[in-house]
Number of protein chains: 2
Amino acid sequence: VLVQDDSPPLASLNLPAHAIRRRNAAALSAASAGKRLAEHFGVQSLAAFGLPDESHLIAAAGAVLEYVQFTQKTALPHITSLRFERDGGLLGMDAATRRNLEITETLTGAESPTLFSCIERTVSAMGARRLKHWLHHPLAERAVPAARHAAIAWCLDAGRPALGGVRAHLGSAVDVERITTRIALASARPRDLSGLAATLAALPALTALLGAALPTLLAELAAGLSPPSEVSALLAAAIADEPQASIKDGGVIRAGHSAELDELRALKANAGDFLVALEARERERTGIANLRVEYNKVHGFFIEVTQGQLAKVPADYQRRQTLKNAERFITPELKVFEDKALAAGERALALEKALYQALIESLSQFIAPLKRLADSLADLDAITALASAADEFKLVQPEFVDDERIAIEGGRHIVVEQQVENFIDNDVLLNRARQLLVVTGPNMGGKSTYMRQVAQIVLLAHAGSFVPARRAALGPIDQIFTRIGAADDLASGRSTFMVEMTEAAYILRHATAKSLVLIDEIGRGTSTFDGLALADAILRDLAMKVRAYTLFSTHYFELTEAASQIKQVANVHLSATEHKGGIVFLHKVESGAASKSYGLQVASLAGVPQEVVRAAKKRLAGLEAAADANAVPDLFAASEREAEPEIPHPALALIATIEPDQLSPRDALQLIYTLIDHVARPGGAGRE
Amino acid sequence: VLVQDDSPPLASLNLPAHAIRRRNAAALSAASAGKRLAEHFGVQSLAAFGLPDESHLIAAAGAVLEYVQFTQKTALPHITSLRFERDGGLLGMDAATRRNLEITETLTGAESPTLFSCIERTVSAMGARRLKHWLHHPLAERAVPAARHAAIAWCLDAGRPALGGVRAHLGSAVDVERITTRIALASARPRDLSGLAATLAALPALTALLGAALPTLLAELAAGLSPPSEVSALLAAAIADEPQASIKDGGVIRAGHSAELDELRALKANAGDFLVALEARERERTGIANLRVEYNKVHGFFIEVTQGQLAKVPADYQRRQTLKNAERFITPELKVFEDKALAAGERALALEKALYQALIESLSQFIAPLKRLADSLADLDAITALASAADEFKLVQPEFVDDERIAIEGGRHIVVEQQVENFIDNDVLLNRARQLLVVTGPNMGGKSTYMRQVAQIVLLAHAGSFVPARRAALGPIDQIFTRIGAADDLASGRSTFMVEMTEAAYILRHATAKSLVLIDEIGRGTSTFDGLALADAILRDLAMKVRAYTLFSTHYFELTEAASQIKQVANVHLSATEHKGGIVFLHKVESGAASKSYGLQVASLAGVPQEVVRAAKKRLAGLEAAADANAVPDLFAASEREAEPEIPHPALALIATIEPDQLSPRDALQLIYTLIDHVARPGGAGRE
């Protein structure tokens, strides 16, 4: 954030100090910003960029430019255009929603498994960055994502062979985007340029592979694959095929590009011949058969004579260095040659550097077409990667419809699907008559996965990707909101419950009838009645005032009553069944409310010691008996409670699964040890 | 994690792929590891390092060394010692606890505000790293932290003037630790060495400032401040005071260090005189008054003559370059001089490089004393920084006592204290007779802050720091556990509640009577009765079986009954009062249970729209009226009936008698059949 240097601290934004840079008023004023931008882009008026004539926008763009100029201290020719992205163009997601949907980072901060890590099939760094950008900037306006869908469909129609060739080409392309930036900043390295030359040379083949009769988006991208031929020509003429990594080391400029350079290099290259001739001559002259003429970097050129031959050394030899078994000499002739050869080397390096700088300067006139090329390559990679992912994960093209509904058949959560066996797909239907679903079901039954997969499908569709479902029809959607999980924020003085309520308040104030809202549990951070009353009031507000498409999961079974009272509210639940005394999650969404949460079974699965679970079970029986006896008529009666199933001892559960005829004696012994472990301390590690 | 290359996947560890490296069996075996370690450290036996003679420890250390050798491909002389840190020496904290205590990273992943960012007053990067390490590795064995406390106390006694001088010295020291590593890897840069030379030169003054009569720890550190004088001598002789950044640019080796280098440099330096003389001579010879002799890197030396004077150019001038208004020439004499000067420059650079490498090789014999110096500087910085923080934040020296208690008077949360006005301090007393505190109170009332400040004080004390309190007496403590907040973990298939329960299970299985346990809400991710029953069972297990020092906050007011049933459980609450229809949090801990949670007031503060809060209020009134009318007489009546002893299942009874080490695999298989029989027919009798 750039702040005027005399403005007060921005405590309310709660930003770390390093995110704030102070600049003076002149740098931030709208007037100077307009002038700076027009100057930078070489235009009379900024109207060219379709920028709305609002001074705060101009001031912001100008301030950013000023700051980058200030820090980079160079002309920034690679910044060639200014684009105004209206918030309205983007599908809104607040920071919490981005985090909860685990787009490029898991909730624990890891890079994988995330939506991106899962579907990422790009073959270049440019493409990977582009795909990341698309996932973080889904569009509410559907023309662009629809064009991407059409391009993906074309890729899949075209069949894999052609696609494979295109992707091989994209994969071998260098990072044109980064290299273009480096050319603009005059920091491009030799191998950047040789790589760019190779990539440019391969473009015609890539264009040919794409063929004609392309859908609009691909046709546009293909058109971007033809930068002016001067760029290739410049590079091909000047840069060696396999240059050294650093211009400091020479060997970068192609032979034939500069006569002067070729001459200086020849001088050095011919040194070998001269030395061989000199060695032969001096051996003959001195009669020292093992005399050697050599060179090393520190001591330069020398004639080496072994100890036993020193008597034969002529008078014009000057001692340069004494070794254990030999002496090294120099002669006036050799000294002159040394000076010439070393000087030629030094001048060749200086000349190469000058030629290289001139080349980069010439290239910097082509920043704009190179950027367009980079964009085309990045987009092509992202599109074909999405096509590849669509094929691999059996994704389908979503339909953007105009009526108000979110209708998904056979939807899946693409990340979770990769992690578990037998992922169960599920439908969702939200429309004006069925606008809020109260989702109940056991712990671990899949409520959170179900809810998030709906958001994920909406996000993917608006990012331009196919979606994990059998069919998905999506009406206009403007924003996604999520309220999931809970963590407090002590340093800013907010309790878990406060964080929950702040997020809920934000949703109630910002969501519209076109928003998708996920509420995954609410009201749990306060006393039971407080929480229930608030959850109920929030549910009703979402259903009747905000009227957003809403999935509302809860363990307050009392809330399932809303379905009988409000027409556009329906109950669904994740199913589970008991089997051999344990619990089996079916992960299937069915209509109606769930009857229980199976909390104790989950605690047992989590490894809570058996005696603690047994104590909890007794308590629960007492609580339920008391509740039944005093049946709170309106609320707690809503869900009839079945008896909790017996929780089997883990050793007994294990025994029940053994198929003894499949067992080797050694396995049997191992099993005995496991069983003893379970009995010694049910569940595992020992507490003394 | 290093894994043998043919071992099966480590799915159970749930690690990202990049955290796993596969090495072959030879690299990982204990035998080769022992040999590799002994060879590396040049010792006969590893006993020297006080390593317990356990092959898995040796194998692990050897495998790490092998891996680093493999990736670094160099001799690693900076790894000079091996230290075994017994887990028992450290105060245990699991990953969740580290995260929850926000030691160096906030829960949202930011670097600030954290415990570290708050108390960090170090003046060097070495000291900052050391302090971070201390905070992440508090010690359960109290001798070392107590020695740090004594050193801090001495610093504060000594008064700020002397301390200021010491810290100024430490602040101007270079990063000896990093530079030593770079010397060992032969990658030290010229300015590393000139900085090291300056730091070494200042050491006697630093030692003098510290003076004599130091407490043990400081005396040890002072002794580490005298590396062998050869190091200073080597550096002072060889390195220029202000060398160039890169050895490639020359200007690094001090004049006088090498006669050969001085000579080569002189040749270049004398070029100026020669050129002035030549220019005067040529002007006179040719009669061209404005003739100039010059040099540039690309074109070398030349004589420049303007267009108008070209007629006067003598025959021995050879054209080198044509400019717009002038021609540039070279003469045989100038060419010879050019060759000599440029060759001297090139050879000087090569010689400097060789001398520099020799210097680093000499320095690499002193890695061990340099590392000790780095350690001493780092420790000194960390200690004096803690002293400075103690002074700034009014911290006190904690007392380590031998009886079992945690007694804190006027404790504060040092991070939150910086963020809010009027932070209210609080006491805590935990001992055998008062071992578990049930903490209730309103949302936002300060429960979480109160609980975490206790853990923070324990952590700081065992890291060796003074603590934010008026007084703190701490008995022996072995581990800190926390269960705070909630987030699900979809990708690994764990619901929020599952995560909660897994954390609770971990605590119940690993905490001891010497552990500090913080439970900040539990049982909220499932249905109300499930959650209440589990929370109650967990509380009782902690109080009666685990017997850990426990702070247990909850919104289930029902749990406050435990205090009347279990002697070592007490209720405390954070106070609040209503004032003019709003809520005022007093943040003061008082004994007894709170009466309500003020959830609706908090929702209102959070910005939940007023009509929603009003609806919730109505609902709440209804709920409370219903509950009063049906007053559940004693929620826990059921639990009073103590469990009759259970008759163990016959299969379990059988398992309990097995002595597996006496068992043959065939017997084991037979036993499995018997066990299956028992389970199929409960009771074990042959009744069918």
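Quick note: the coordinates plus some simple rules give every number you see, no bench work behind them. In this text, all values refer to a predicted model and were calculated from it rather than measured experimentally. Heads up, the Cβs are rebuilt from the backbone with ideal geometry, glycines too, and the neighbour counts pull from every protein chain shown.
In this simple spin-label model, placing a label point 7 Å from the Cα along the Cα-to-Cβ direction at both A:A75 and B:L323 gives a separation of 2.3 nm.
Over the stretch A:475-560, the fraction of Cα-Cα pairs per 10 Å bin, rounded to whole percents and listed from the shortest bin up, is 18, 51, 27, 5, 0.
Given axes a ≥ b ≥ c from the Cα gyration tensor, I'd like to know whether the stretch B:114-218 is rounded (a/c under 1.5), prolate (a/b larger than b/c) or oblate. Judged from the Cα gyration tensor, the stretch B:114-218 comes out oblate (a/c at least 1.5, b/c at or above a/b). Distance between the pseudo-spin-label points of B:S591 and B:E361 (7 Å out from Cα toward the beta carbon): 7.7 nm. Relative to the Cα centre, the charge distribution of the stretch A:370-458, modelled as +1 at Lys and Arg Cβ and -1 at Asp and Glu Cβ, gives a dipole magnitude of about 360 debye.
The amide H of B:R483, built 1.01 Å from its N in the peptide plane, has B:L518, B:I519, B:D520 as neighbours under 5 Å, considering only residues 5 or more places off or on other chains. As a proxy for reagent exposure, B:L342, B:L234, B:L2, A:L235 were ordered by neighbouring Cβ count within 10 angstrom, fewest first; the result is B:L2, B:L234, A:L235, B:L342. Each stretch of four or more DSSP H residues adds -39500 (n - 2.57); spread over every residue of chain A, this sum gives -15000 deg cm²/dmol at 222 nm.
Quick check: convex hull over the Cα atoms of chain B, volume per residue in Å³, rounded to an integer?
311 Å³
If only the Cβ of Lys and Arg carry +1 and only the Cβ of Asp and Glu carry -1, the dipole of the stretch A:144-215 around its Cα centre is close to 160 debye. The charge dipole of the stretch B:234-289, taken about the Cα centre with unit charges on the Cβ atoms of Lys, Arg (+1) and Asp, Glu (-1), comes to about 140 debye, rounded to the nearest 20.
For chain A, DSSP calls about 55 percent of its internal beta bridges antiparallel. Here r is the Cβ-Cβ distance between A:A60 and B:E611 and R0 is 35 Å; the resulting FRET efficiency, rounded to 0.05, is 0.45. Here the 3J(HN,Hα) profile of the stretch B:504-513, calculated from phi with Karplus coefficients 6.51, -1.76 and 1.60 at θ = phi - 60°, is 5, 4, 4, 5, 4, 8, 10, 6, 10, 5 Hz, Gly and Pro shown as x. Comparing the stretch B:297-368 with the 2.2 N^0.38 Å rule of thumb, its C-alpha radius of gyration ratio is 1.89 (two decimals). Footprinting exposure proxy ranking of B:K248, B:K580, fewest other C-beta atoms within 10 angstrom first, gives B:K580, B:K248. Sorting A:445-456, A:188-199 by average packing, meaning the other beta carbons within 10 Å per residue, from highest down gives A:445-456, A:188-199. Each pair of Cα atoms in the stretch A:402-447 enters the Kirkwood radius, and Stokes-Einstein at 4 °C and 1.567 mPa s then converts it into a translational diffusion coefficient of 104 µm²/s. Counts of other chain beta carbons within 10 angstrom of each beta carbon in peptide B:619-625 average 6. Shape of the stretch A:373-436 from its Cα gyration tensor (a ≥ b ≥ c, root eigenvalues): rounded if a/c is under 1.5, otherwise prolate when a/b > b/c, or oblate? It is oblate, given that a/c is not under 1.5 and a/b is not larger than b/c.
Its residues counted as N, the stretch B:367-482 yields a C-alpha radius of gyration over 2.2 N^0.38 Å of 1.24. Working note: Cα gyration tensor of the stretch B:141-185, eigenvalues times five, square-rooted, sorted largest first, giving semi-axes of 27, 19, 4 Å. Most simply put, the protein assembly as shown has about 55% antiparallel DSSP beta bridges, counting only bridges with both residues inside it. Straight Cα distances below 20 angstrom link B:K567 to the aspartates and glutamates B:D403, B:E404, B:D536, B:D541, B:E558, B:E590, B:D634, B:E640, B:E642, with same-chain residues fewer than 8 positions distant left out. Considering only A:S575, B:T449, B:I330, the residue lying farthest towards the positive end of the dipole of the protein assembly as shown is B:I330, judged by Cα position with unit charges set on Cβ. Annotation for the stretch A:326-353 versus the stretch B:461-484: alpha-carbon center distance of 71 Å.
Going down the table (A:K371/A:K394; A:K588/B:K596; A:K371/B:K324; A:K596/B:K617), which pairs top 32 Å between alpha carbons?
Values: A:K371/A:K394 34 Å; A:K588/B:K596 39 Å; A:K371/B:K324 37 Å; A:K596/B:K617 27 Å.
Flagged as over cut-off: A:K371/A:K394; A:K588/B:K596; A:K371/B:K324.
The ranking of A:L139, A:L532, B:L534 by Cβ neighbour count inside 10 Å, starting from the fewest, reads A:L139, A:L532, B:L534. The angle between the Cα long axis of helix A:367-393 and the main principal axis of chain A comes to about 40°, on a 0 to 90 degree scale. Residue by residue along A:333-341, Cβ atoms of other protein chains within 10 Å of the local Cβ number 4 on average. In order along the stretch A:263-280, the phi-based Karplus estimate (6.51 cos²θ - 1.76 cosθ + 1.60, θ = phi - 60°) of 3J(HN,Hα) comes to 5, 4, 5, 4, 3, 6, 5, 6, 3, x, 4, 4, 5, 4, 4, 4, 4, 4 Hz; Gly and Pro are listed as x.
More than 25 Å apart: what percent of Cα pairs in the stretch B:183-307 qualify?
54 percent
Could you tell me which of rounded, prolate or oblate describes the stretch A:265-325, using a ≥ b ≥ c as the square roots of the eigenvalues of the alpha-carbon gyration tensor, with rounded for a/c under 1.5 and, failing that, prolate when a/b is larger than b/c and oblate otherwise? Oblate, because a/c is 1.5 or more while a/b does not exceed b/c.
For the stretch A:543-605, the convex hull spanned by the alpha carbon atoms encloses 102 Å³ per residue. Inter-chain neighbour count for B:442-449: the average number of beta-carbon atoms from partner chains within 10 Å of each residue's beta-carbon is 5.
At what distance in angstrom do the alpha carbon centres of the stretch A:228-291 and the stretch A:358-425 lie from each other? If we compute the Cα centre of each part, the gap is 49 Å.
For the protein assembly as shown, the spread of Cα positions along the three principal axes, ordered from largest to smallest, is 125, 81, 76 Å.
Dividing the convex hull volume of the alpha-carbon atoms in the stretch B:231-363 by its residue count gives 118 Å³ per residue.
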